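Enquirer: Let me begin by handing over the structure; questions about it come next.
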Amino acid sequence: MGDEIQEASSAVSRATTASFSKWVKEDFDREDFNPDHLAAVPGNAQLSDELRLWPATRKRVKTLVRQGVGVDQRRDLWLTVSGGLQFSKVSGSLYTETLQDSFGNTVREDLPCPRPFLPASGCQWWQLSAAGQAAGCRILVAIERNHPDISHCPDLQRLAAVLLHVIDDETTCFNILSALLQSDHSGAANGAVPSSHPVFLDQSQTAVIDTEACLGRLARKKAKHSYRWLQETQGASESVMATDDEMVRVMGDWLSWVFAWLPLTTVVSVGMELG
């Protein structure tokens, strides 16, 4: 009986560890972490088959993803549905070449997050080790070098951090993020290829402001009670409600609500499966 319990405990430990990449801290505090929430979802052979036929199987993949995604399938799922696989076929070794052209054969561990991708509230790395954070900055620097037209995209840093929690390979993360930055009208410059989805992230200050205003109007119209609650909690005082103009700022930070306040396991499991 003791052996069975020990084996079961070891199995849970292996599953938990396998849920995350090599970039996660070794001393990650798992006290509040339920491996069943993330690691115990079995792989779906049918999902793997449908991904090979993407995008013709888009609807079937969506149905299967809602049933759960196996840990070993998360990389292939994101690489495929993001357009990263298509991007990699055209870009080849673009990531490696970009870093070599910039820094030679030195693997830089001291690069800061590029300014266009720096969140106003600072970088959010969750449980990434120092090596993982350095890998994230290398990826973002490479993207900046290949997308000089992007002037403001602060949510890219958080997405890079989430991906690095479940993907070991820097090039794969680079390809996924590069594909997510593309739209149907993207050109082929710098290895870019037209993507099968609209722009996923705003990439300029103007676009971000437009999104903030649009989200505010939608919330005011479609989620009146929640909008009013936010006005009451975000006002200058308990007796003063936030104005609509002030609410634009609040709404503009909606992605940070997701990334900063949800538990890491929820961000990874829900975000990876529904993204």
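Enquirer: How big is the Kirkwood radius of the range 91-157, worked out from every pair of different alpha carbons and given in Å to one decimal? Spell out each step's value before the answer.
Expert: Values: mean 1/r = 0.0801 Å⁻¹.
Hydrodynamic radius (Kirkwood, Cα only) of the range 91-157 equals 12.5 Å.
Enquirer: Evaluate E = 1/(1 + (r/R0)^6) for His152 and Ala223, where r is the Cβ-Cβ distance and R0 equals 25 Å; express this FRET efficiency to the nearest 0.05. It would help to have the intermediate numbers written out before the result.
Expert: Details: r = 26 Å, r/R0 = 1.05.
That pair, His152 with Ala223, gives E of 0.40.
Enquirer: Right, next: With a cap of 10 neighbouring Cβ atoms within 10 Å, and only residues DSSP puts in a loop, list the trypsin sites (Lys or Arg not before Pro) found in the range 50-147.
Expert: On the way: sites: Arg52, Arg58, Lys59, Arg60, Lys62, Arg66, Arg74, Arg75, Lys89, Arg108, Arg138, Arg145; in loops: Arg52, Arg66, Arg108.
Passing sites in the range 50-147 are Arg52, Arg66.
Enquirer: Here's a follow-up. How much length is gained on full extension from Asp49 to Thr211, taking 0.36 nm per residue of separation minus their Cα-Cα distance? Don't skip to the answer; put the middle values down first.
Expert: Numbers: separation 162, 0.36 × 162 = 58.32 nm, distance 3.66 nm.
Between Asp49 and Thr211, full extension yields an extra 54.7 nm.
Enquirer: Now a separate question. In the full protein assembly as shown, how much of Leu218 is accessible to a 1.4 Å probe, in Å² to the nearest 10?
Expert: Accessible surface of Leu218 is approximately 90 Å².
The values are calculated or read from the model by the stated rules, or taken from the named source; none is laboratory data. Just so we're clear, the structure is a prediction, and the values are computed from it rather than from any experiment. Every residue, glycine as well, gets a Cβ built from its backbone with ideal geometry; the counts of neighbours run over all protein chains shown. Note: accessible area is taken over every heavy atom of the protein model, side chains too, but ligands, DNA and RNA are not part of it. Shrake-Rupley method; radii C 1.70, N 1.55, O 1.52, S 1.80 Å.
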